[in-house]
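First comes the structure, then the notes that go with it.
Values in this text are rule-based calculations from the coordinates and carry no lab data. From a predicted model like this one, the values you see are computed outputs, not experimental measurements. Every residue, glycine as well, gets a Cβ built from its backbone with ideal geometry; the counts of neighbours run over all protein chains shown.
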Amino acid sequence: MHAFTFESQPQRVLFGAGTLHKTAAELDAMGVRNAIVLCTPHQRPQAEQVAGLLGHRAAGIFDAAVMHVPIETARAARRFAAQYGADCAVAIGGGSTIGLGKAIAFDSGLPILAIPTTYAGSEMTPIYGFTEDGIKRTGRDPRVLPRTVVYDPLLSLGLPVGLSVVSGINAIAHAAEGLYAPNGNPVASLLAEEGIAALGRALPAIRRAPGDLQARADALYGTWLCGKVLGSVGMGLHHKLCHTLGGSFNLPHAETHTIVLPHVLAYNAAAADGAMQRIARALGGTDAAQAVFALARDNGAPLALKDIGLRAEDLDRACAIAVENEYPNPRPVEARALRQLLQNAYDGVAPTT
Ligand SMILES: NC(=O)C1=CN([C@@H]2O[C@H](COP(=O)(O)OP(=O)(O)OC[C@H]3O[C@@H](n4cnc5c(N)ncnc54)[C@H](O)[C@@H]3O)[C@@H](O)[C@H]2O)C=CC1
Ligand SMILES: O=C(O)/C=C\C(=O)CC(=O)O
């Protein structure tokens, strides 16, 4: 075993059906008196339910979270928090809403209590991201790591099947890249393999029966583990490409991850054999890229970037932006091979090495 560093990040996690009802007690334990509740416009009813459970501890609801945290939305949320004298941000929703909480915390140090309702995994990471002038920038800061996370599978029962599948594959991507990250370690790899396996079981079960509470719980458990991997080790080519496609071309986040991941795994296959074996094993397959592609295809996910809003004429610019900055990846990122990878993802063909 090689030498490694493992850093524990302080978080309190409540897991299980009905744990939402413990949120007020959690805020009391944190000494919070004046929490704002964050959500997307679509999830306003869930935010109102949370505000109702918080009673006098809820100062107001900010319901304008959108994907990729545009800087203007972040500024509006910061003003809202200041105006209400908030001492905590309670974020109920997916990565967009939790990302908005992080935008406030980054600026003010406000603690976050996250109540995830998708499988993006942001609640487990100290990673923030903003989009400004068409470029998405991400960074790490311990201040944005949610203090407390409430995983209540009852809240994801209404997550549409299509979104559940792509969101779960977004989580798998975190674990997959964690398995070949240069700062990876045996503990993160254990979490990664277990997380991928849990999601690999849960997503087909959710497709068969969206109201299957056990499958929803499995998916959240997998999300937790995969998110923890993203939060503790690095990201590579896959995340960089998805940030480019999301931030600069406004493609939907989880769908983009789902389409791109098999192609990046094929690109990296020869340079990260051990990681590929673990991914394939977790999914019950023999080839990591093909197993992820099959998970997406067999569960009705989109397979082609052209079907989610990318234009053929965007491919060259996407490739140029993605090679602009250096980032760790097991196989060197080479413009011609990357352009071919993007073409394959654009066309929706099966991944090729
Ligand atoms: N910082 C980090 O570590 C991470 C950040 N992210 C960021 O998160 C964003 C994407 O987050 P996602 O969760 O994929 O999407 P999202 O948070 O935008 O949610 C997608 C849509 O689904 C709705 N929704 C969420 N939960 C629902 C439920 N249970 N029932 C019905 N509708 C529901 C939302 O209101 C929204 O309209 C991106 O901006 C991405 O960059 C994603 C992963 C990790
Ligand atoms: O973009 C962010 O907010 C930060 C990280 C991620 O989105 C991770 C991911 O690409 O899923």
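Apply the Karplus parameterisation 6.51 cos²θ - 1.76 cosθ + 1.60, with θ equal to phi minus 60°, to every residue of segment 286-300 and state each ³J(HN,Hα) to the nearest whole Hz, in sequence, with x for glycine and proline.
3J(HN,Hα) across segment 286-300, in whole Hz: 10, 9, 4, 4, 5, 5, 5, 4, 5, 4, 5, 4, 6, 10, x.
Along the charge dipole of the chain, Cβ charges K/R +1 and D/E -1, which of A171, V150, L230 sits furthest on the positive end?
Farthest towards the positive end: V150.
Could you state the angle between the C-alpha long axis of helix 273-282 and the longest principal axis of the C-alpha atoms of the chain, as a value from 0 to 90 degrees rounded to the nearest 10?
60 degrees
Full-extension gain between L154 and D141, please, as 0.36 nm times their residue separation minus the C-alpha to C-alpha distance.
Gain in length upon complete extension: 1.6 nm.
Sum -39500 (n - 2.57) across every DSSP H segment of at least 4 residues in the chain, then divide by the residue count to get the 222 nm mean residue ellipticity, nearest 500.
When only DSSP H runs of four or more count, the value is -16500 deg cm²/dmol.
Compute the helix-to-body angle for 44-54: its Cα long axis versus the longest principal axis of the chain, expressed 0 to 90° and rounded to tens.
Its long axis makes an angle of about 50 degrees.
With just the Cα atoms defining each centre, how far is segment 155-208 from segment 251-308? Give it in Å.
11 Å
Between Y327 and R75, what is the label-point separation in nm under the 7 Å Cα-to-beta-carbon projection?
If labels sit at R75 and Y327, their model points lie 2.6 nm apart.
Taking the Cα centre of segment 262-353 as origin, sum charge times position over the Cβ atoms of Lys and Arg (+1) and Asp and Glu (-1), and report the length of that vector in debye to the nearest 20. Don't skip to the answer; put the middle values down first.
Numbers: 9 positive and 11 negative charges, 36 e Å.
Using Cβ point charges on Lys, Arg, Asp and Glu, segment 262-353 gives about 180 debye.
Within the chain, how many Lys pairs sit with Cα atoms under 20 Å apart, leaving out pairs fewer than 8 places apart on the same chain?
Values: K102/K136; K102/K228; K102/K240; K136/K240; K228/K240; K240/K306.
The number of close lysine pairs in the chain is 6.
Round to the nearest 10 and give me the degree value, 0 to 90, for the angle of helix 315-324's Cα axis relative to the longest principal axis of the chain.
80 degrees
Rounded, prolate or oblate, given the Cα gyration tensor of segment 43-92, with a/c below 1.5 counting as rounded?
Oblate, because a/c is 1.5 or more while a/b does not exceed b/c.
Computed FRET efficiency, Cβ-Cβ of Y84 and E7, R0 35 Å: what is it to the nearest 0.05?
0.55
Given contacts defined as C-alpha pairs under 8 Å and at least six residues apart, what's the relative contact order of segment 12-156, whole-number percent?
Once divided by the residue count of segment 12-156, the mean separation gives 27 percent.
In percent, how large is the relative contact order of segment 161-347, given Cα pairs closer than 8 Å and 6 or more residues apart? Could the numbers behind the result be given before it?
Numbers: 286 pairs, mean separation 48.7, N = 187.
Reported as a whole number, the value is 26 percent.
When only C-alpha pairs under 8 Å and at least 6 residues apart count, what is the relative contact order of segment 254-319, in percent?
Relative contact order comes out at 35 percent.
Compute, for the chain, the length of the dipole vector about the Cα centre, with Cβ point charges of +1 (Lys, Arg) and -1 (Asp, Glu) only. Units Debye, rounded to 20. Write down the numbers at each step before the final one.
Working: 29 positive and 30 negative charges, 71 e Å.
Rounded to the nearest 20 debye, it is 340 debye.
Multiply the residue gap between D28 and T353 by 0.36 nm, knock off their C-alpha separation, and tell me the result in nm, one decimal place. Walk me through the numbers before you get to the answer.
Values: separation 325, 0.36 × 325 = 117.00 nm, distance 5.33 nm.
The D28-T353 span can extend by a further 111.7 nm.
Express in whole angstrom the spacing between the alpha-carbon centres of segment 82-143 and segment 1-48.
Each part reduced to its Cα centre gives a spacing of 12 Å.
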